[in-house]
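Okay, structure first, notes after.
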Amino acid sequence: MADPKNSETATGLSDLKDKIGHIPIIRRNSFVYGFLTVLILYGVFLLPSRGSSGTVDLGRIALFGVLLLIWAMVVFTDELKSEKMKTTMVFSLFIIAGWLYYRYSTARWGEMGFLFFNVEMIQKAWPTLMEGFWTTLLLAVGAAIMSTIVGLLLAVFRSFNNAVLNFFIIAYVDFFRAMPIIVLMMLIYYALPFMGISLSAIMSGILALGLNSSAYVSEIFRAGFLSVKKGQIEAANALGLTPIQTMRLVILPQAFRVVIPPLVGNYVASAKDTALASSISIIELLKAGLSQKSLLANPSPLIFVTALYLAMFLPLTRFAGYLEKKMKASQRQVRL
Amino acid sequence: MSNMNLPETMIEVVDLHKRFKDLHVLKGISTVVKHSEVVAVMGPSGSGKSTFLRCLNRLEEPTSGRIYIEGVDIMAPYIDINRVRTEIGMVFQSFNLFPHLTAIENIKLAPMNVRKISNKEATERGMALLEKVGLAEKATAYPEQLSGGQQQRVAIARALAMQPQIMFFDEPTSALDPEMIGEVLDVMRNMAKEGMTMMVVSHEMGFIREAADRILFLADGLIVEDGTPDQIFNHSKHKRTIEFLGKIL
Ligand SMILES: Nc1ncnc2c1ncn2[C@@H]1O[C@H](COP(=O)(O)OP(=O)(O)OP(=O)(O)O)[C@@H](O)[C@H]1O
Ligand SMILES: [Mg+2]
């Protein structure tokens, strides 16, 4: 690092590190710890009391924050400080920031339990929330099934490489990727009935989500098909397999492996969009939570809904990531 | 070696042409391959050896010309090409095993789905073939768990499982490490001895000298020489052939 030959290529930050590196360790340490003592004393004696909000008080809080940051930067740019110490420092910084907010914001921390985690309220809201949950699930699963079928068909047609067919498929994909889902829902639910095409709200929701998702799914499958090497198809043909057998026995099984991680990711993304269905009068999970919040004048149902969304999507997101990692690992093993 | 001089014609090619857009790759190839004959196809890179083989089972669509396999005109419009292909086993330079299937599953796939034979029978036949290529103990291994030479031997067994009349090999050993070439050539040598009709694109001189009945020497899309290994290797008068052999020897 301190090699003079490298100094031309060194960036500003490592220049700084070089300079600090030349300051004797005793002096640097006494500076760092002295500064820290000052900060602690400041925190104990000079920070205003809880809930203060005068200009002078705010100034004192701000100054404390600035000093804290300066100190943190000094420690962080010090190459001789251990990684562990820097990590501890960064975390402490976040904790102190959180504590400062807790101490000086006017939020009603004391009522948090009653407001956000009120079991009684959640119990009252439970039947409606469960109905919302099943509706959300229906929307998500319906859209997933529809988009898988349509997307797969589109990708298969696309693989025929017919110019006219391709034109229409590309137009379809572009159209539904460009079209906001909420607009699509409203078109289907509020505009089509004028034409005499009336779909139930749920059907409209599934259709809009499915159309949008199918555009992505078809691209995912297309990439999956393209990942199957040409030699595979030739080998299958040379054995006398028909094009349909080749698709079913050779291309699809190989493409599926490549396709599953992005596909799961796409289902999750599409499932998250189910909340948009509230715009066409569907009482799905979010809408159920919102309406119960209004009815009970307590946000606990919304907090519960948030937790439910996380409980549904967190494992799926993890799962998709895990599959992706596994696939990358197995790809590395394949020879030739 | 099978110099029984069977009169029966296995493959007949008449004035075969193949163009890729502006590129005229095959410029009128005519030849006859007899039953049990082992024909080596040699020639410089880009001379059209692969294209020639691939036209014979229509993996590549010929531009013009006639091809007869066992007397059947495979260029006829009503022909079921998949049916024809079941009679011609093909082995590729890059093996092209199906990576999602084990060795035995690779072998069973076509017999079960094309020939519609039962799983049990296909497994028995497949195991016998694996035995033959010396890989019985690798039946449940996936391609990625096999060496190049082992993969190529499985690929040969897979082609043989359809009980074809003819085997095509397109540079079956060029992607292999030197120490694995022998094991693949051994399998091919045995097939030749058993009377399989074979067309082999290869530059393995030892194998060709020993196993081939004839060599077709291709250059610029034409057969410039057609003769026994001895004629071609030792008594060739063609400038292109001598030049080429000089390079690979
Ligand atoms: N699908 C294709 N599209 C366009 N040109 C092609 C195609 N396949 C082959 N060619 C061209 O045809 C010519 C003959 O190719 P071919 O693969 O038959 O040669 P080869 O004799 O097998 O060569 P090598 O020894 O390198 O395998 C080459 O110039 C090649 O670039
Ligand atoms: Mg070739």
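The values are calculated or read from the model by the stated rules, or taken from the named source; none is laboratory data. In this text the structure is predicted, and so the values were computed from the model without any measurement. Positions of Cβ are backbone-derived with ideal geometry, glycine not excepted, and every protein chain shown enters the neighbour counts. Note: accessible area is taken over every heavy atom of the protein model, side chains too, but ligands, DNA and RNA are not part of it. Shrake-Rupley method; radii C 1.70, N 1.55, O 1.52, S 1.80 Å.
Overview of results
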| item | result |
| --- | --- |
| Range of Cα positions in region B:1-137 per principal axis (Å), largest first | 46, 38, 35 |
| Sequence of A:I280, A:I149 when ordered by accessible area, the most exposed leading, probe 1.4 angstrom | A:I149, A:I280 |
| Spread of Cα-to-Cα distances over 20 Å intervals beginning at zero, given as percent, for the protein assembly as shown | 15, 30, 26, 21, 8, 0 |
| Cross-link partners of B:K237 among aspartates and glutamates (Cα-Cα below 18 Å; sequence separation of 8 or more within a chain) | B:D220, B:E225, B:D226 |
| Partners for B:K116 among lysines (Cα-Cα distance below 18 Å; same-chain residues under 8 apart left out) | B:K108 |
| Kirkwood Rh (inverse of mean 1/r, distinct Cα pairs), region A:129-253, angstrom | 16.3 Å |
| Averaged over B:161-167, number of beta-carbon atoms from partner chains that fall within 10 Å | 1 |
| Surface share of carbon and sulfur [accessible, 1.4 angstrom probe, percent] for region B:84-195 | 47 percent |
| Whole-angstrom Cα spans of region B:20-72 along principal axes, big to small | 35, 25, 18 |
| Descending semi-axes in whole angstrom, ellipsoid equivalent of region B:150-242, from the Cα gyration tensor | 25, 15, 12 |
| At q = 0.22, 0.25, 0.31 Å⁻¹, base-10 log of I(q)/I(0) for region A:184-223 (Debye sum, equal scatterers on each alpha carbon) | -0.65, -0.74, -0.94 |
| Computed over region B:97-164: relative contact order in percent, which uses C-alpha pairs under 8 Å that are six or more apart | 47 percent |
| Gyration tensor (Cα) of region A:71-142, equivalent ellipsoid semi-axes in angstrom | 44, 22, 9 |
| Per-selection Kirkwood Rh - region A:220-336 (Cα, Å, 1 d.p.) | 17.5 Å |
| Max mean-square fluctuation residue, GNM over chain A, Cα-Cα springs under 10 Å, options A:L187, A:L39, A:L152 | A:L39 |
| Area hidden from solvent between B and A (accessible, protein heavy atoms only, 1.4 Å, total, Å²) | 2100 Å² |
| Peptide A:227-235 - average C-beta neighbours from other chains (10 Å radius) | 5 |
| Chain B - Rg and Dmax from Cα coordinates, angstrom | 17.9, 55 |
| Ellipticity estimate at 222 nm from DSSP helix runs (n ≥ 4, -39,500 (n - 2.57)) divided over the protein assembly as shown, nearest 500 | -18500 deg cm²/dmol |
| Dimensionless Rg ratio for region A:18-169, taking C-alpha atoms and the 2.2 N^0.38 Å reference | 1.94 |
| Most fluctuating residue given options B:V38, B:V114, B:V84, as computed from a GNM of chain B linking Cα atoms under 10 Å | B:V114 |
| Probe 1.4 Å, accessible area per residue of chain A, Å² | 59 Å² |
| Distribution of pairwise C-alpha distances over region A:272-315, 10 Å bins, in % | 30, 52, 18, 0 |
| For region B:52-123: accessible area per residue (Å², 1.4 Å) | 39 Å² |
| Partner chain coverage, peptide B:96-105 - average Cβ within 10 angstrom | 5 |
| Protection-proxy order for peptides A:138-144, B:206-212, each taking the mean of Cβ atoms within 10 Å per residue, highest first | A:138-144, B:206-212 |
| For region A:119-335, diffusion coefficient by Stokes-Einstein and Kirkwood Rh (Cα), 4 °C, 1.567 mPa s, µm²/s | 67 µm²/s |
| Translational D in µm²/s for region B:120-181 (Stokes-Einstein at 10 °C, 1.306 mPa s, Kirkwood Rh from C-alpha pairs) | 129 µm²/s |
| For B:T197, distant residues with modelled amide H under 5 Å away | B:S36, B:M167 |
| Percent accessible area from carbon and sulfur atoms, region A:119-335, protein chains only, probe 1.4 Å | 72 percent |
| Relative contact order, percent, region A:109-251 [alpha-carbon distance under 8 Å, six or more residues apart] | 31 percent |
